[in-house]
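Written below as structure tokens is the structure these notes are about.
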Amino acid sequence: MNYRAIRAIYLFEMARTWRTLLQSIVSPVVSTSLYFVVFGAAIGSRITEVEGVSYGTFIVPGLVMLSVLTQSIANASFGIYFPKFAGTIYEILSAPISYLEIVIGYVGAAATKSIILGLIILATAGLFVPLHINHPVWMLTFLVLTAVTFSLFGFIIGIWADGFEKLQMIPMLVVTPLTFLGGSFYSVNMLPSGWRTITLFNPVVYLISGFRWSFFEIADVSVAVSLGMTVGFLVVCMFIVAWIFRTGYRLKN
């Protein structure tokens, strides 16, 4: 394992975050805080509690997941797309570094940024509402798994995209709507039975449900199912990345 190469890619990507601190950290935190204030004040005044938890506290895990999902995809997709755009990807591919090491460097940096951002947002939410995490180890487990999984997904999008429009298309038109419809601001159990069944086809439901369980011990679906769905999506992304490097899809042509 070429740890020096992994470290070089990882530190380069992390340095880009510190150079664009306002865009990478401050902007998502402010946006999430506004979501919290608006939804907490507007809807919280009408819905005081959800399953025994105050509404303002109930939406915190959903807001954290919303930021982690979107930022994981954005960080990883741009991280690998820009070398393609600039033409420096060929220098990386011809360097004495394996495909696994390339993925670890880029995905590791993207996941690290998202985890840091998620923890900052969690600390910020604590300024607005009282928070108590019943299962901190499981909270970190779901946070890390989600960050790594969607960083891999973003890595795939970055390789697939052949323009900045495509780079933004899937996150904006697919991932963000699925996150909003995945129980970020409500419990799936509040929906009519027909809509509840349809919602269970949304993979984001399982991520948010498992993450929320680690806070309040309430979940829309079984925690084991949530964990299994997250790991399953991670494995699928790993197979797709392996296929991309084995075939050279949009890398060598």
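Listed by first and then second residue, the pairs with beta-carbon distance under 8 Å, at least 6 apart or on different chains, first residue in segment 35-57 and at negative phi, second modelled with pLDDT under 70 and in a helix (DSSP H, G or I), are 55/40; 56/40. Residues in segment 90-115 that are of a type in the set (Ser, Thr, Tyr) and in a helix (DSSP H, G or I) were compared, and the one that is farthest from residue 28 (Cα to Cα) is 94.
Identify, please: which residue in segment 1-53 is modelled with pLDDT of 75 or more and not in a helix (DSSP H, G or I) and is, among those, surrounded by the fewest Cβ atoms within 10 Å (Cβ to Cβ)? Looking at residues that are modelled with pLDDT of 75 or more and not in a helix (DSSP H, G or I), I get 52. Reported count of residues in segment 79-89, each being hydroxyl-bearing (Ser, Thr, Tyr) and part of a helix (DSSP H, G or I), is 1.
Does residue 246 count as surrounded by fewer than 17 Cβ atoms within 10 Å (Cβ to Cβ), within 16 Å of residue 106 (Cβ to Cβ) and not aliphatic (A, V, I, L, M)? Considered against the rule, which asks whether it is surrounded by fewer than 17 Cβ atoms within 10 Å (Cβ to Cβ), within 16 Å of residue 106 (Cβ to Cβ) and not aliphatic (A, V, I, L, M), residue 246 comes out as no.
For residue 153, the requirement of being touching a residue at least 60 places away in the same chain (Cβ under 8 Å) and closer than 25 Å to residue 56 by Cβ is not met.
Considering segment 116-151, and only residues there that are of a type in the set (Gly, Ala, Ser) and assigned to a helix (DSSP H, G or I), the residue that is surrounded by the fewest Cβ atoms within 10 Å (Cβ to Cβ) turns out to be 123.
The listed residues are 15, 8, 111, and the only one of them that is farther than 26 Å from residue 175 by Cα, hydrophobic (A, V, I, L, M, F, W, C) and touching a residue at least 24 places away in the same chain (Cβ under 8 Å) turns out to be 8. Tallying residues that are part of a helix (DSSP H, G or I), of a type in the set (A, V, I, L, M), closer than 25 Å to residue 220 by Cα and touching a residue at least 12 places away in the same chain (Cβ under 8 Å) within segment 162-185 yields 2. Among all positions in segment 96-104, there is no residue which is in contact (Cβ under 8 Å) with a residue 12 or more places away in the chain, buried (at least 19 other Cβ atoms within 10 Å of the Cβ) and of a type in the set (Phe, Trp, Tyr). Take the conditions (1) in a helix (DSSP H, G or I); (2) surrounded by fewer than 16 Cβ atoms within 10 Å (Cβ to Cβ); (3) not basic (Lys, Arg); residue 159 misses just one of them, which is (2). Total residues in segment 147-189 satisfying the condition of being aromatic (Phe, Trp, Tyr) and more than 22 Å from residue 35 (Cβ to Cβ): the figure is 4.
State whether the residues of segment 62-78 include one that is in a helix (DSSP H, G or I), surrounded by fewer than 22 Cβ atoms within 10 Å (Cβ to Cβ) and over 18 Å from the mean Cα position of the chain (by Cα). There is no residue in segment 62-78 that is in a helix (DSSP H, G or I), surrounded by fewer than 22 Cβ atoms within 10 Å (Cβ to Cβ) and over 18 Å from the mean Cα position of the chain (by Cα). Kindly evaluate residue 113 against the criterion of being surrounded by 21 or more Cβ atoms within 10 Å (Cβ to Cβ) and either touching a His at 6+ places or on another chain (Cβ under 9 Å) or among the charged types (D, E, K, R) (or both). The answer is yes for residue 113.
Within segment 186-201, being surrounded by 12 or more Cβ atoms within 10 Å (Cβ to Cβ) and assigned to a loop (DSSP other than H, G, I, E, B) holds for 186, 187, 191, 200. Looking only at segment 211-219, decide whether some residue is assigned to a loop (DSSP other than H, G, I, E, B) and exposed (fewer than 14 other Cβ atoms within 10 Å of the Cβ). Yes.
The values are calculated or read from the model by the stated rules, or taken from the named source; none is laboratory data. Predicted model only: the values in this text are computed from it and were never measured. As a convention, Cβ positions derive from the backbone with ideal geometry for all residues, glycine included, and neighbour counts pool all protein chains shown.
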